[in-house]
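The values are calculated or read from the model by the stated rules, or taken from the named source; none is laboratory data. Please read these numbers as outputs of a predicted model, since none were measured by experiment. In this analysis, Cβ positions are derived from the backbone assuming ideal geometry, glycine residues included, and neighbour counts consider all displayed protein chains.
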Amino acid sequence: MAMERVRRIETWARLGYAARGLVYLLLGYIALSSGKALSTGEAVQAFDDLPGGNILLILLALGLFGYGLFKIYSAVLDLDNEGKEPKGLVIRGSRVLGGLAYWVLSFIAVQQLTKGRDGAAEGGQASGSGGGEQEAAKEVAQATGGDMLLILIGVAILALAASQFWIAYKAKFMDDMPGAPPLVKPAGQVGYAARALIVTIVGWFTLKAGMDGTRLRNFGDALQLVNQDYPTLFKLVAIGLMLFGIVSLVMARYRRIADDDVVSRLSAQVPHR
């Protein structure tokens, strides 16, 4: 029975929503309480400082992997019926990128478990750190077609941000959560809008990195830029990210998810001779 549940996409999706909720809840709380602008990866690392940190990191590693699997699975099989037109392909592609990003977060959680922390997470790399990402951007841009790849990634991230703003405006997340408490709607609208704002900044700088070599900015960098120029907005965004985390936890309970057998469904997509 346990192995059967492991094969079900619903199991991974619900673990994933819970893990995503915990990450954004802590990220937003740290931003609001201390003014530190952490990236999502730094927020994952910060769980090591909490009571029961190792257990939390194990749960996060599993959950974030599961959420990445769910996003990629949904995009590849087009569970949301986005289609194969350019708009649909961009949306599906952005979901694949998102899924890969959550796999990176899962890997960070595993690293934290096996290597331990080198020190407290320092937020806000906008002041000049984050050199690893900048070097990666330079290497990609210098490769044949690399600048175009960064531009395409930037466009995909901006498309994701636009879809998040649309979800916030229409409260479309409620369509898949029958029985959820009414307060989830306004909380989710604020949460999705706050996250979309930061993702927009990340996407813009990714696009610029491909166009003119501008330094890449991660989630923490984007938050720090808001903190530097608009401190009041930064606090509102921090509250929004906490609300996004809470709504994600509610989704882990109420979201309607097709309970596919992942292995069987994917196997059916592979042509057999």
Pair list, Cβ < 9 Å and 6+ apart or interchain, from segment 192-216 residues that are at positive phi to residues that are buried (at least 21 other Cβ atoms within 10 Å of the Cβ): Gly213/Ala137
Hits in segment 57-75 - residues which are more than 13 Å from Ile9 (Cα to Cα) and either outside any helix (DSSP H, G or I) or of a type in the set (Val, Ile, Thr) (or both): Ile58
Filter result (surrounded by 21 or more Cβ atoms within 10 Å (Cβ to Cβ) and either under 19 Å from Tyr254 (Cα atoms) or among the β-branched types (Val, Ile, Thr) (or both)) within segment 154-188: Ile157, Ala168, Phe173, Gly188
Unique match (being in contact with a Leu (Cβ under 9 Å, 6 or more places away or on another chain) and surrounded by fewer than 19 Cβ atoms within 10 Å (Cβ to Cβ)) among Leu26, Leu60, Leu32, Leu15: Leu32
Residue within segment 30-37 that is within 17 Å of the chain's Cα centre (by Cα) and not in a helix (DSSP H, G or I) present: yes
Neighbours by Cβ (under 9 Å, 6+ apart or cross-chain): first from segment 32-46, farther than 13 Å from Val104 by Cβ; second among the acidic types (Asp, Glu): Lys36/Glu42; Lys36/Glu122; Ala37/Asp221; Leu38/Glu122
Segment 76-111, subset charged (D, E, K, R) and part of a helix (DSSP H, G or I), residue farthest from Ala43 (Cα to Cα): Lys87
Condition broken by Ala156, with the remaining ones in (1) modelled with pLDDT under 85; (2) not in a helix (DSSP H, G or I) satisfied: (2)
Residue in segment 208-224 that is under 25 Å from Leu15 (Cα atoms), surrounded by fewer than 19 Cβ atoms within 10 Å (Cβ to Cβ) and not aromatic (Phe, Trp, Tyr) present: no
Residue match in segment 206-225 (condition: within 28 Å of Asp147 (Cβ to Cβ), among the β-branched types (Val, Ile, Thr) and not in a helix (DSSP H, G or I)): yes
Residue that is farther than 30 Å from Gln228 by Cα and at pLDDT 95 or above, where the choices are Tyr17, Tyr24: Tyr17
